[in-house]
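**Q** Take this structure, written in structure tokens, and hold onto it; I'll ask about it next.
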Amino acid sequence: MPKTPTSEFTSDSAAPLASPGGPTPPEQGGFFGHPRGLSTLFFTELWERFSYYGMRALLILFMTAAVEKGGLGFDAIKAGAIYGLYTSGVYLAAMPGGWLADRVIGQRRAVLSGGIIIALGHFSMALPGLFFFYLGLLLIVVGTGLLKPNISTMVGDLYPEGGARRDAGFSIFYMGINIGAFLSPLVVGYLGEKVDWHLGFGVAGVGMVFGVIQYVVGGKHLGQVGLEPKDARGASPGTAGQPAGGGSRTLGLAVVGVLVGLLVVLQLLGVVDLTTAVGLASAGGLIIVSLALAFFAYMFTAGGLDAGEKRRLGVIGVLFICSAIFWAGFEQAGSSLNLFARELTDRVVFGWEVPASSLQSINALLIIGLAPVFAWLWVWLNRRGREPSSPAKFSGGLVLLGAGFGVMVLASLAAASGHKVSPLWLVLTYLLHTLGELSLSPVGLSTVTKLAPARMVGLMMGVWFMSVSLGNLIAGLVAGGFEAMPLPQLFGAVAAIAIAAGLVLALFVRPIRRMMGGVH
């Protein structure tokens, strides 16, 4: 059995405790001129993303592969729903994961616990049997919810001074994410498709183990960062003898109770069938939408916001919808586009068939190459007073996403003759989608932090990730149409919705900018 989080982080080898002269700061200047602790978090995140994207590249291919080929033999509808539930759950779990770290165990222990649970999840999937498959997915969701939001928080805490150096640190950290995302489909995907599915899942777990080991060994470079819950450092302490955040826990339990009751009502009314994957995914979508509507309604009516804050909250609501639409299309990469790569794409190069999952590396490779270009472009345009506003960037991102699916309409028409098509169709689609991602994803995160009232930025970020979760859930349900409807119609519908949303948003850019109150 692994050590408990407490035992890892009270030992001298893991992380130094307070020195007589005060808290131990993170070591400086050891990683490209940044705190040495950044290297610890960089490689932890690299290996976590290696495990996540490697398994993700295999997931729907494994579920839809025939039983005699080692797969589960699910149809695309069931596999898509499970895929959507899984990827949606990963983002939803970030909210309780962040809360638990802030209020109870601290970021350091949350990341360690999350890494261990993720590794156990992959190793569970390395075992045959549906029980171990579903158990593995659940463990990875829980572990990622603990690790993902808290490791980013720790990166920020390495730079108490803030400023451009902190932004540069996050840029380096972001490269770790994409290096892991690039390598994993090539390694895990190959082993899973060409050797054995369960071997691929197991290797993803080994990657996470590497991340955990170097995280523990490199913990000494982190100083006091993340050792204590933020509430314990004075954010909102509880009364004597009572843990901080008791009211929040009560509210959280109440919300869980309401959600369970809502699921029961939906089942009794016959709105959804919770005994099926599609029913569960549909119920999940209804719950996320209900929570979002309830949140925005409460904030507008009883949230104590002034007129300017309400206008900015309205902008966040509009961008929330656009974000959900974008991710509902973009996350087809791991589902319907992955199936297209396997079934309808000619992947033979010099007599060797490239695994379909390997094409999942294209997006990460493009991000690595194009992210610096976009960063330079926005600065260059800003200096000339021509940088697009955040809503305009969102509009462009949606149109680019739709254009990518327009390419897939043409590709599916070409494949309708019965001949497999060139992988360049998918490469062009992923290029357009990556351009859309760079126009929307980092912009959305930055804009929410600027528009949200200062006293509730963390809460608004949690709500924002609900839009990503909703989009992932819809993506899985849409992918279920891969076998049920003509592909030109499926991809055409996604393209039309994305482009229409982008154009409608473009029409309202000016009034939305006025509502933003000077925030660009």
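What follows draws every value from the coordinates through simple rules; no lab data is involved. Note that the structure is a prediction, hence the values are computed from the model and not measured. FYI the Cβ positions are ideal-geometry reconstructions off the backbone, even for glycines, and counts take in every protein chain you see.
**Q** If I model a spin label as a point 7 Å beyond the Cα along the Cα-Cβ vector, how far apart are those points for Leu269 and Val373 in nm?
**A** Distance between label points: 4.9 nm.
**Q** Next question, about the same structure. Return the long-range amide H neighbours of Val421 (sequence gap of 5 or more, or a different chain), with a cut-off of under 5 Å between placed amide H atoms.
**A** Residues meeting the amide H criterion: Thr345, Asp346.
**Q** Can I ask one more? Measuring from centroid to centroid over Cα atoms, what is the spacing of the range 208-225 and the range 102-137 in Å?
**A** Result: 17 Å between the Cα centres.
**Q** Enter the per residue convex hull volume of the range 305-520, computed from alpha-carbon coordinates, in Å³ rounded to the nearest integer.
**A** Considering the Cα atoms of the range 305-520, their hull volume per residue is 123 Å³.
**Q** Follow-up question, since we're still on this one. Using a Förster distance of 35 angstrom, determine the FRET efficiency expected from the C-beta separation of Val217 and Lys310, and round it to 0.05.
**A** E between Val217 and Lys310, to the nearest 0.05, is 0.10.
**Q** To continue, here is another question. So between His419 and Lys69, what do we pick up on full extension, going 0.36 nm a residue minus the alpha carbon distance?
**A** 123.7 nm
**Q** Return the sequence-ordered ³J(HN,Hα) values of the range 261-273 in whole Hz as given by the Karplus equation 6.51 cos²θ - 1.76 cosθ + 1.60 applied to θ = phi - 60°, using x for Gly and Pro.
**A** Coupling constants for the range 261-273: x, 5, 4, 4, 4, 4, 5, 5, 7, x, 5, 9, 10 Hz.
**Q** Given the DSSP H assignment, sum -39500 (n - 2.57) over each helix run of at least 4 residues in the chain and divide by its residue total; what's the result at 222 nm in deg cm²/dmol, nearest 500?
**A** -24000 deg cm²/dmol
**Q** For a quick check: with amide H placed at 1.01 Å from N, whose amide H comes under 5 Å from Gln224's, ignoring anything fewer than 5 positions away on the same chain?
**A** Thr24
**Q** Please give me the summed charge of the neighbours of Arg347: other residues whose Cβ is under 13 Å from its Cβ, Lys and Arg +1, Asp and Glu -1.
**A** In short, -1.
**Q** Something else: So for each of 307-317, 54-64, 381-391 I average, over its residues, the number of other beta carbons within 10 Å; can you give me the resulting order with the highest mean first?
**A** 54-64, 307-317, 381-391
**Q** Pop a pseudo-label 7 angstrom from the Cα along the beta-carbon direction at both Leu410 and Gln489 and give the gap in nm to one decimal.
**A** 2.3
**Q** Got a sec to turn the phi values of the range 388-397 into Karplus ³J(HN,Hα) couplings, 6.51 cos²θ - 1.76 cosθ + 1.60 with θ = phi - 60°, whole Hz, x for Gly and Pro?
**A** So the J values, rounded to whole Hz, are x, 6, 4, x, 5, 5, 4, 4, x, x.
**Q** Also, I was wondering about something else. Relative to the present Cα-Cα distance, how much length would full extension add between Glu228 and Val348 at 0.36 nm per residue of separation?
**A** 37.9 nm
**Q** Related question: Taking the structure as given and computing Cα extents along the principal axes in Å, which label from (i) 74, 56, 56; (ii) 97, 56, 45; (iii) 73, 56, 43 fits?
**A** (i)
**Q** Still on this structure, I have one more. Among residues other than Tyr86 whose Cβ falls under 13 Å from its Cβ, what is the net charge (Lys/Arg +1, Asp/Glu -1)?
**A** Result for the local shell: +1.
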